[in-house]
1. All but one of (1) in contact with a helix residue (DSSP H, G or I) (Cβ under 8 Å, 6 or more places away or on another chain); (2) in a loop (DSSP other than H, G, I, E, B) hold for E108; which doesn't?
2. Which one is nearest to S243 (Cα to Cα) among residues in segment 201-219 that are open to solvent by less than 40 Å² (accessible area, probe 1.4 Å) and assigned to a loop (DSSP other than H, G, I, E, B)?
3. Tell me which residues, restricted to segment 102-124, are in contact with a Gly (Cβ under 8 Å, 6 or more places away or on another chain) and either open to solvent by 70 Å² or more (accessible area, probe 1.4 Å) or under 26 Å from I39 (Cβ atoms) (or both).
4. With T46, T50, T15 as the choices, which residue is among the β-branched types (V, I, T) and in contact with a helix residue (DSSP H, G or I) (Cβ under 6 Å, 6 or more places away or on another chain)?
5. Within segment 125-139, how many residues turn out to be outside any loop (DSSP other than H, G, I, E, B) and either surrounded by fewer than 20 Cβ atoms within 10 Å (Cβ to Cβ) or free of Cβ contacts under 8 Å to residues at least 40 places away in the same chain (or both)?
6. Limited to segment 165-196, what total is found for residues that are in contact (Cβ under 8 Å) with a residue 60 or more places away in the chain and either buried (at least 16 other Cβ atoms within 10 Å of the Cβ) or polar (S, T, N, Q) (or both)?
7. Please tell me if G151 is at positive phi and without any contact (Cβ under 8 Å) to a residue 60 or more places away in the chain.
8. Test each condition in (1) without any contact (Cβ under 8 Å) to a residue 60 or more places away in the chain; (2) open to solvent by 10 Å² or more (accessible area, probe 1.4 Å) for V162 and report the one that comes out false.
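The values are calculated or read from the model by the stated rules, or taken from the named source; none is laboratory data. Quick caveat: nothing in here was measured; it's all calculated off a predicted structure. So basically every Cβ, Gly included, is an ideal-geometry build from the backbone, and we count neighbours across all protein chains shown. Note: accessible area is taken over every heavy atom of the protein model, side chains too, but ligands, DNA and RNA are not part of it. Shrake-Rupley method; radii C 1.70, N 1.55, O 1.52, S 1.80 Å.
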Amino acid sequence: MRRPVIAGNWKMHMTCAQARDYMAAFLPQLAETPQDREIVLAPPFTALSTMAAASENSVVELASQNVHWQDHGAFTAEISAEMLLEHGVAYTIVGHSEPRKYFSESDEQINHRARCSQAKGLIPIVCVGESDEQRERGEAERVIRRQIEQGLEGLDANKLVVAYEPIWAIGTGKTCEAAEANRICGLIRSWVGATDLIIQYGGSVKPTNIDELMGMSDIDGVLVGGASLQPDSFARIANYQAS
């Protein structure tokens with residue numbers, strides 16, 4: 001059985017005080033959340049300590065928004081797995097479209113980050129997805145397969161989450177049709193060759209489409225951006241009822 005992972009990526013939002021207020025409003029809404037799913041939040045690095053305290057003895061797991069592949073060194077603005085583990089982090093997001101776009105992250109670098117995560121006992125959430133231009137040119141499958149083959153090389157599929165995030169649907173209000181998202185997730189599963197691989201969908205996920213998305217056969221969770229910033233909104237997503 002693939003256990004769905006419902007993850008919220010706060011990106012560059014939330015001070016420590018805001019994170020505390022969020023959790024005070026969010027956690028009571030998880031009192032009756034089914035135990036058949038994992039609830040994950042990825043705050044900015046500065047709020048990890050605050051979130052570790054706020055989520056203690058709760059069903060919420062923590063994720064980091066990135067991780068470096070070295071234990072320590074002269075890597076300004078980076079963060080190591082040991083630093084994350086100290087705050088109770090369980091997951092690491094790697095290969096998100098924003099660092100790929102703004103910081104020119106390569107599939108090789110993403111693979112190093114994911115390998116380091118697994119070596120240290122963290123579960124990487126490896127993001128893949130095509131741009132609008134690539135989809136229009138009919139290159140979506142080729143691009144995603146390349147990202148899978150290079151980004152997942154040497155990884156244990158049993159300690160891994162893949163997030164399919166079509167770039168054209170992130171923060172745009174556009175949502176990939178559930179059936180198409182499911183088709184791509186199914187292709188990813190076949191390319192990796194692991195029937196138990198957990199595959200999320202990400203891209204303008206919201207309370208109004210979560211039930212349909214989670215009713216798809218090959219979608220095992222979601223990676224949520226903007227809709228995770230409001231506790232009521234993300235609680236509804238966490239408490240989905242697959243249609």
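1. Going through (1) in contact with a helix residue (DSSP H, G or I) (Cβ under 8 Å, 6 or more places away or on another chain); (2) in a loop (DSSP other than H, G, I, E, B) one by one, E108 breaks only (2).
2. Going through the qualifying residues, I end up with G215.
3. Correct list: I110, R113, A114, R115.
4. Matching residue, one of T46, T50, T15: T50.
5. 6
6. Total satisfying the criteria: 4.
7. no
8. (2)
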